[in-house]
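The values are calculated or read from the model by the stated rules, or taken from the named source; none is laboratory data. Just so it is clear, the model here is predicted, and its values are computed rather than measured. Cβ sites come from the backbone with ideal geometry, for glycine too, and all protein chains shown count toward neighbours.
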Amino acid sequence: MKGVKAIVISALMLSSSLVIADPAATIHLRLYKDTLSLAEPTCLTAEITNNSNKDLVLFNGPMFGLQSDPYLFSLFLINPFGEEWSYSGSRGLVNYDYLPSPTLWYLIPPGKSVSNTMLATWTDFVPDEYQEALEKLPTGTYKLYATFEIPEEKVGHKFNRTVYSDTIEFVFLPPRWEDFQALVIMDSLRWFYRAGGARRDVDPFIRHIMETHTSYSECAHALHVSLIGSSTNNIDSLMLEKAIFDKAYPGSQFEVIILNELFGLAFQPEYKERVDAQNTVIQDLSIIEPNDPRVLLKQGKIRHPRTLEEIK
């Protein structure tokens, strides 16, 4: 069943064929769905390929640093009217000096790729007026692209090389009457997505969205399971809730969101003896996202640099 699921997921990953080449790297974006209900969350994967003949140094953070300093990865959304909105976590072009800790980085061999998947919640992109009223978002065709700053060093001076991704398109459909209840509840989550509100406080809102039985419910259920993991810090509770979710939504695109939570929990010090859980999450994540850097590191296919000199 896992093999079948991987084939289904691969077939549904939709993207543009246009890739802007760079001497060092290529970034490719994939959305799980390209036709969405208005402001419907979906999963976004970014994959970077090393086109050079030497190891490529990347920051060891989620989405290549999208959600944590130094913000080397930036996402941009273009609405149907041609207006460009940037992801709230991005900081544009960042000139970043290497920190003296090799574990903050990993090395991709020539010709190899790594990928990260994030939950695309559109509150992170849109201006304040729409964060408070997602139901007022323009419908129609949107475009999405990314830039990535590769830290490099030349003649003793540090600089960043800008790499551009392909540009992908997707459509927001006009909201149906039954969508409005979920959208209004989602409006109230803006403080959580943008201001980092307490995760335990947001779960009642998430459960309400689950109960609307709309196209927003599946993502809400996955978030609910993920929140259980972060709030209880109990790996058995999280695995049990994941099994319930998998039965309700077999082959769900949002399984990767739960696996991300499970991966972080399984490798915490208190679970170091739970080799069974660790092997399971590595296996499951490798099927859905075989180029996830955490999986590749565990498999020994990429590595952390051993010294600062290897980074430079």
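When the residues of the range 265-279 are narrowed to those that are under 24 Å from CYS43 (Cβ atoms) and touching a residue at least 12 places away in the same chain (Cβ under 8 Å), which ends up farthest from the chain's Cα centre (by Cα)?
ALA277
Just name the residue that is farthest from ILE168 (Cα to Cα) out of those in the range 119-142 that are touching a strand residue (DSSP E or B) at 6+ places or on another chain (Cβ under 7 Å) and among the hydroxyl-bearing types (Ser, Thr, Tyr).
Of the residues in the range 119-142, the ones touching a strand residue (DSSP E or B) at 6+ places or on another chain (Cβ under 7 Å) are 119-120, 125-127, 137, 139-142.
Within this subset, residues satisfying the condition of being among the hydroxyl-bearing types (Ser, Thr, Tyr) are 139, 141-142.
Values: THR139: 16, THR141: 10, TYR142: 8 Å.
Top of the filtered list is THR139.
In the range 128-180, how many are part of a loop (DSSP other than H, G, I, E, B), modelled with pLDDT of 90 or more and within 25 Å of ALA25 (Cα to Cα)?
Result for the range 128-180: 2.
Picking from GLY300, GLY251, which residue would you name as being on the phi > 0 side of the Ramachandran plot, surrounded by 14 or more Cβ atoms within 10 Å (Cβ to Cβ) and of a type in the set (Gly, Ala, Ser)? Steps first, answer last, please.
Details: GLY300 fails: surrounded by 14 or more Cβ atoms within 10 Å (Cβ to Cβ).
Exactly one of GLY300, GLY251 is on the phi > 0 side of the Ramachandran plot, surrounded by 14 or more Cβ atoms within 10 Å (Cβ to Cβ) and of a type in the set (Gly, Ala, Ser), namely GLY251.
Checking TYR71 against (1) in a loop (DSSP other than H, G, I, E, B); (2) at pLDDT below 90; (3) aromatic (Phe, Trp, Tyr); (4) out of contact with any helix residue (DSSP H, G or I) (no Cβ under 8 Å at 6 or more places or on another chain), which test does it fail?
Condition not satisfied by TYR71: (4).
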